[in-house]
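The values are calculated or read from the model by the stated rules, or taken from the named source; none is laboratory data. The model shown is predicted, which means the values in this text are computed figures rather than measured ones. Every residue, glycine among them, receives a Cβ derived from its backbone with ideal geometry; neighbour counts consider all protein chains shown. These accessible areas exclude ligands, DNA and RNA; they are computed on the full protein's heavy atoms, side chains included. Shrake-Rupley method; radii C 1.70, N 1.55, O 1.52, S 1.80 Å.
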Amino acid sequence: MLKEDTLRRGLKTRTLGGKIYTFEVIDSTNNCARALASCWAPEGTVVIAEQQTAGKGRLGRTWQANPNENLTLSVILRPGNAPGSVNLLPLLVSVAVSEAVQSLTGITPECKWPNDLLIGGKKVAGILLEGSLKKEELEFVVVGIGINVNQTAFSPEIQNLATSLKLATGTDVNREELFKLILERLEAHYVSLKPGGFEPVLSLWQSRSTMAGKRVSVKSNGSVLTGTVKGLSPEGGLVLRSNGTEHTLLAGDVTVLGIDPDSPSHAPRH
Ligand code: BTN
């Protein structure tokens, strides 16, 4: 069982993890963190649970994770009216989690827009941001992070789509160390937002993604758009070229179809 003292020991952050609430079982750490944030829990408050009975994924999906093997946590942020936070924060969180995994295991999970991390094309982590607006200002954002750490068997519906750090490395991965590294990388990028804006995060995200040049189909608002990924827009949207027209999507569910042979980044070099 994850314990507050071992999660906190040696944690090198100023704000994130100032308060850490640990649960054996909870419905969803995001639900709990939202309730705490509405009652003025300070920025950086973390909720972490061994087991979620109603873990939430994006687009109304569920998040399944075996107890005692994974990390399921939520962090409260209060970015105020930082422009573009809603679309750009998921990219920042993806970069932070990818860096944390890389520094602990040597494996660099790939960023898949908008907020998945993949190893060998399979999902190893998912991120769910839930915000609350008050008078057109972001009152708070709850950053929910689920990582498949030491789980090696998945339910039939996801077994071909999911992987874990243990499956990728062949060894058990220390969850407490990974937790600390995630908070440290998240804080480092978050505090540099005001001086540097999101531009550095966008570049880091693109350097950890192989989506550019791929043919994808994106389900968004009930319609499907197929095209070639050109990159990210300044506000964190996915830029697609489809039938000669560029589109910027701010939300959606992406299926990678393959490499576009006509894309300049994949065309044969002479
Ligand atoms: C996704 O890939 O669809 C997002 C998954 C997010 C899962 C995490 S687990 C911790 C936090 N609490 C939740 O209920 N969901 C997020």
Within 10 Å, count the other beta carbons around each residue, average over each peptide in 114-126, 150-162, and list them highest first.
114-126, 150-162
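Once you have a ≥ b ≥ c as the square roots of the Cα gyration tensor eigenvalues for segment 120-270, tell me rounded if a/c is under 1.5, and otherwise prolate or oblate according to whether a/b is larger than b/c. Mind dumping the intermediate values first?
Working: a/c = 1.60, a/b = 1.15, b/c = 1.39.
Judged from the Cα gyration tensor, segment 120-270 comes out oblate (a/c at least 1.5, b/c at or above a/b).
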Enter the angle in degrees (range 0 to 90, nearest 10) between the Cα long axis of helix 175-191 and the first principal axis of the Cα atoms of the chain, meaning the one along which they spread out most.
70 degrees
Whole-number accessible area per residue in Å² for segment 4-207, which is evaluated in the context of all protein chains at 1.4 Å
44 Å²
For the chain, which whole-number percentage of the solvent-accessible area (1.4 Å probe, protein heavy atoms only) is attributable to carbon and sulfur atoms?
51 percent
Quantify how much of the Cα-Cα distance distribution of the chain extends past 27 Å, in percent.
37 percent
Relative to the longest principal Cα axis of the chain, at what angle does helix 85-105 sit, 0 to 90 degrees, rounded to 10?
80 degrees
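Please quote Rg/Rh for segment 214-259 to two decimal places, taking the Kirkwood radius as Rh and restricting both calculations to Cα atoms. Kindly include the intermediate steps, with their values, before the conclusion.
Details: Rg = 9.5 Å, Rh = 10.4 Å.
In segment 214-259, Rg relative to Rh is 0.92.
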What is the spin-label model distance, in nm, from E24 to S203 if the labels are put 7 Å beyond Cα along the C-beta direction?
4.9 nm
In terms of the alpha carbon gyration tensor, root eigenvalues a ≥ b ≥ c, rounded if a/c is under 1.5 and otherwise prolate when a/b exceeds b/c or oblate, segment 1-76 is oblate
Each label sits 7 Å from Cα toward the beta-carbon; between R9 and K194 the label points are separated, in nm, by 3.4 nm
Segment 197-236 and segment 112-156 have their Cα centres apart by a whole-number Å value of 16 Å
So what is the calculated 222 nm ellipticity per residue for the chain, using -39500 (n - 2.57) for each DSSP H run with n of 4 or more, over all residues, to the nearest 500 deg cm²/dmol?
-8000 deg cm²/dmol
Between the Cα axis of helix 29-38 and the main Cα principal axis of the chain, the angle (0 to 90°, nearest 10) is 70 degrees
At 0.36 nm per residue, minus the direct Cα-Cα distance, what do N221 and D253 gain on full extension? Give it in nm, one decimal, please.
10.5 nm
For N68 and E157, extending 7 Å from Cα along the Cα-Cβ vector and measuring point to point gives, in nm, a value of 2.5 nm
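Of the cross-linked pairs K122/K230; K123/K166; K19/K56; K112/K180; K12/K166; K19/K180, which ones have a Cα-Cα span greater than 20 Å in the structure shown? Write down the numbers at each step before the final one.
Values: K122/K230 22 Å; K123/K166 13 Å; K19/K56 22 Å; K112/K180 23 Å; K12/K166 25 Å; K19/K180 13 Å.
K122/K230; K19/K56; K112/K180; K12/K166, as the Cα separations exceed 20 Å there.
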